[in-house]
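Structure first, commentary second.
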Amino acid sequence: MQEQIASLKADISQQISAAGDMAALEDVRVATLGKKGSVSGLMKGLGGMSPDERKVAGPLLNSLKVDVADEIAARKSVLEAAALEERLASERVDVSLPVMAHPSGSIHPVSQVMDEIAEIFASLGFDVAEGPDLETDFHNFTALNIPAEHPARQDHDTFYLKPDANGDRKVLRTHTSPVQIRTMLNETPPIRIIAPGRTYRSDSDATHTPMFHQVEGLVIDKDTHLGHLKGTLEAFLKAFFEVDNVTLRLRPSYFPFTEPSMEVDVQCSFDGGNVKIGDGNDWLEILGSGMVNPRVLEHCNLDPTVYQGFAFGCGIDRLAMLKYGMNDLRAFFDSDLRWLRHYGFRALDLPTLAGGFSR
Ligand code: DAH
């Protein structure tokens, strides 16, 4: 019996070490320890033995079973380690490859231009402020020195909501200027913010859409003056249009919320159908601005004998059209994939002043 077990054991050990992969090893396990395996068969024979025979054979067979199981487990870890080594040697992840070779989405020119504007003004020390699209009459008009019967209300082609129980009508903000009011009411000067966002007016043609985008600028401090306004706008327009020089023309104008008010034109040329900003014989109106009207400061609980500042408001869509050469504003909001692919920006291509904005 002892010899029979010893020779079976030698045979099994040889099979185990010869097993070249997990499948072969599993075959050995089934053929020995499996239900119908050789070792299991011998174990079953214990039942038919006399008690004396069993006393001898029992421990021998048990240790055979344990030894075979241990050897199989040891071989298994050797094979597993070898398989892992092989995978590590043959498989590689190239971390320098882009995540997606062909991303299918793109950044809309309006978003891109907003990012560019925020980047430029951040470098000048401005924060980005926000306000709601649905505004109160107070923030959109009254606090900006446009009281109920003021003619400027008619200019704005306002979308009004139904009046609430108190008779107050909210409006879809007609400009980003109400963010000035919200900022002055919530913060103490010095204030330096821009407020990009959506604005709404009931108007639609090649250069007007019912929803459009503006960016507002506001600076309030004790000794802010027109020179600061002009310098800020020059710095902004130079960086935005990526030109070394811009010549500005400040034209006297009227806005209820600024005094004095001016419209700002940049010198440009229209040679060959393309606008070139910087020099030339033409002027392009680009934004409205002025020194914040003392009445507006009063509405925001700021003492106009202590504080003053400047503000400006500018159409973002128009800036995008000028910089990236689109001629119909309506296409901005058509969701035409061909247009978006042509004018869209790559998602990871964030505009930075240091890196340059243009593609
Ligand atoms: N809110 C004006 C508009 O929508 C633009 C504007 C003009 C904003 C002058 C200003 C400003 O802050 O000072 O037409």
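The table for this structure:
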{"item": "Counted residues, segment 141-185 - those being outside any helix (DSSP H, G or I), open to solvent by 60 Å² or more (accessible area, probe 1.4 Å) and under 17 Å from F255 (Cβ atoms)", "result": "3"}
{"item": "Selected residue (only one of S261, S289, S269 is open to solvent by less than 20 Å² (accessible area, probe 1.4 Å), touching a strand residue (DSSP E or B) at 6+ places or on another chain (Cβ under 6 Å) and under 19 Å from I120 (Cα atoms))", "result": "S289"}
{"item": "Test: D27 is open to solvent by less than 80 Å² (accessible area, probe 1.4 Å), among the acidic types (D, E) and either in contact (Cβ under 8 Å) with a residue 12 or more places away in the chain or out of contact with any Asp or Glu (no Cβ under 9 Å at 6 or more places or on another chain) (or both)", "result": "no"}
{"item": "A320 within 21 Å of the chain's Cα centre (by Cα), open to solvent by less than 30 Å² (accessible area, probe 1.4 Å) and under 22 Å from L237 (Cβ atoms)", "result": "yes"}
{"item": "Tally, over segment 191-220, of residues that are within 11 Å of the ligand (Cβ to nearest atom) and either of a type in the set (A, V, I, L, M, F, W, C) or free of Cβ contacts under 8 Å to residues at least 24 places away in the same chain (or both)", "result": "6"}
{"item": "Search result, residues across segment 325-353 that are over 13 Å from S106 (Cβ atoms), surrounded by 12 or more Cβ atoms within 10 Å (Cβ to Cβ) and in contact (Cβ under 8 Å) with a residue 60 or more places away in the chain", "result": "M326, D328, L329, R330, F332, F333, L350, P351, T352, L353"}
{"item": "Scan of segment 186-201 for residues that are of a type outside the set (D, E) and either within 19 Å of P132 (Cβ to Cβ) or outside any loop (DSSP other than H, G, I, E, B) (or both), ordered by number", "result": "N186, I191, R192, I193, I194, A195, P196, G197, R198, T199, Y200, R201"}
{"item": "Checking R173 against (1) of a type in the set (D, E, K, R); (2) touching a Phe, Trp or Tyr at 6+ places or on another chain (Cβ under 9 Å); (3) more than 13 Å from the ligand (Cβ to nearest atom), the condition it does not meet", "result": "(3)"}
{"item": "Restricting segment 122-159 to residues that are charged (D, E, K, R) and free of Cβ contacts under 8 Å to residues at least 24 places away in the same chain, the residue that is farthest from the ligand (Cβ to nearest atom)", "result": "E149"}
{"item": "Unmet criterion (only one of (1) over 28 Å from S111 (Cα atoms); (2) open to solvent by 50 Å² or more (accessible area, probe 1.4 Å)) for P256", "result": "(2)"}
{"item": "Search result, residues across segment 67-98 that are open to solvent by 80 Å² or more (accessible area, probe 1.4 Å), in a helix (DSSP H, G or I) and either in contact with a Cys (Cβ under 7 Å, 6 or more places away or on another chain) or more than 17 Å from A19 (Cβ to Cβ) (or both)", "result": "L84, E85, R87, L88, S90"}
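The values are calculated or read from the model by the stated rules, or taken from the named source; none is laboratory data. As the structure is a prediction and not an experimental result, all values here were calculated from the model. Every residue, glycine among them, receives a Cβ derived from its backbone with ideal geometry; neighbour counts consider all protein chains shown. Heavy atoms of the whole protein, side chains included, go into the accessibility calculation; ligands, DNA and RNA do not. Shrake-Rupley method; radii C 1.70, N 1.55, O 1.52, S 1.80 Å.
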